[in-house]
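One structure below.
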Amino acid sequence: MVERLSFEDEISRNKLKSFLLIVVVFAFFVALGYVISYAVDPSYFFIIMIISIIFSLSYILISYYNSDKIALASVRAIPASRTEHRMLFNAVENMSLASGLPMPKIYVMQSLEINAFASGRSPQHAVICVTTGALEKLNKQELEGVIAHEMSHIANFDIRFMTLTAVLVGMVSIIAQIFLRNLWLSGNRSRNEKGNAIFMVIAIVFAILAPIAAQLVQLAISRRREFTADATGVKFTRYPPGLTNALQKIKHEHLPEEEKKRYSPAVAPLFISDPFKKKVQGLFSTHPSIDARISLLRRM
């Protein structure tokens, strides 16, 4: 007999795992700072830390406050029509009531693929965009399942959460880059001449590996938030087969390669499924495998 899963337990478990993963990213930041400050002059580390914080926060905050506009412009989305896209409006209104969230702005993008995404820095500034392929191929329950998933991202403040993650990952990467470039330009001097060659080597290795590891953790957080959105979507609809059947249709889609050119890799993590349809899902994937998601949904 298959053990049944509680969507409430899945939501709590995935949120806890997401929090622990972001703690790991912060640990990379602290460890990198400690190693660099030990290998060179501590005051030097504080200077590059301040520079990295300024650059990272400036870039991320600009993207954060304009995330919805950037995402919509990149896919050439247009506002949905209440008369032409009546089923879409009904689905969003139903899920808005079920979730207790304000009605987001609704957009449609031209694509044969079944897909959708949500963006915006808060529920009051949220948008949902759905492909024309989703509107043509999904029935009422399946479309509501997809919309519930996207409303879950809004309810869980995933844009805000992933922005915080991006800030930390950005600071790790910038600190590592400044440190390595400065070593190259200065000829690898400083405390290295005072007998701290071992710590200098450790700092160099850590500066190379820490950004890669932090980005892998960031991708793991992205995958975990997708599981959370699936479980929260079930909470809103109380009907797991809706989203399950939609994911099944996505899994079995066979689209021409030119459809993938519609998407920018920068906005791909926002979508309900990987628009590039990678055959191998793993550490470098923004989304968990559809099979894993379907398996969990069927047990709820």
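The values are calculated or read from the model by the stated rules, or taken from the named source; none is laboratory data. It should be emphasised that the depicted structure is a prediction, and the values quoted were computed from it without experimental measurement. In this analysis, Cβ positions are derived from the backbone assuming ideal geometry, glycine residues included, and neighbour counts consider all displayed protein chains.
Quick one: is Leu72 surrounded by 15 or more Cβ atoms within 10 Å (Cβ to Cβ) and in a helix (DSSP H, G or I)? Against the criterion (surrounded by 15 or more Cβ atoms within 10 Å (Cβ to Cβ) and in a helix (DSSP H, G or I)), Leu72 qualifies. Test Thr131 against the criterion of being under 18 Å from Ala229 (Cα atoms) and hydroxyl-bearing (Ser, Thr, Tyr), and give yes or no. Judged against the criteria, Thr131 is not a match. Out of Phe236, Phe227, Phe199, one residue alone is assigned to a helix (DSSP H, G or I), among the aromatic types (Phe, Trp, Tyr) and more than 23 Å from the chain's Cα centre (by Cα). It is Phe199. In the set (1) at pLDDT 90 or above; (2) over 18 Å from Gln218 (Cβ atoms), the condition left unmet by Arg121 is number (1).
Total residues in region 100-125 satisfying the condition of being of a type in the set (Ser, Thr, Tyr) and either within 16 Å of Glu142 (Cα to Cα) or over 21 Å from the mean Cα position of the chain (by Cα) (or both): the figure is 1. Considering every residue within region 136-144, establish whether at least one is under 17 Å from the mean Cα position of the chain (by Cα), among the aliphatic types (A, V, I, L, M) and in a helix (DSSP H, G or I). No - not one qualifying residue is present in region 136-144. So, of the residues in region 146-184 that are in contact (Cβ under 8 Å) with a residue 40 or more places away in the chain and aromatic (Phe, Trp, Tyr), which turns out to be farthest from Lys251 (Cα to Cα)? Going through the qualifying residues, I end up with Phe179. Taking first residues from region 121-145 that are closer than 13 Å to His85 by Cβ and partners that are acidic (Asp, Glu) and surrounded by fewer than 21 Cβ atoms within 10 Å (Cβ to Cβ), no Cβ contact under 7 Å between residues at least 6 apart in sequence or on separate chains turns up.
Here Val40 passes the criteria (1) touching a Lys or Arg at 6+ places or on another chain (Cβ under 7 Å); (2) within 30 Å of Gly242 (Cβ to Cβ) except the one numbered (2). Note on region 85-132: residues that are crowded, with 21+ Cβ neighbours inside 10 Å and part of a helix (DSSP H, G or I) total 4.
Inspect all residues belonging to region 232-254 and state whether any of them is more than 18 Å from Val146 (Cα to Cα) and either basic (Lys, Arg) or at pLDDT below 90 (or both). Yes, region 232-254 contains at least one residue that is more than 18 Å from Val146 (Cα to Cα) and either basic (Lys, Arg) or at pLDDT below 90 (or both).
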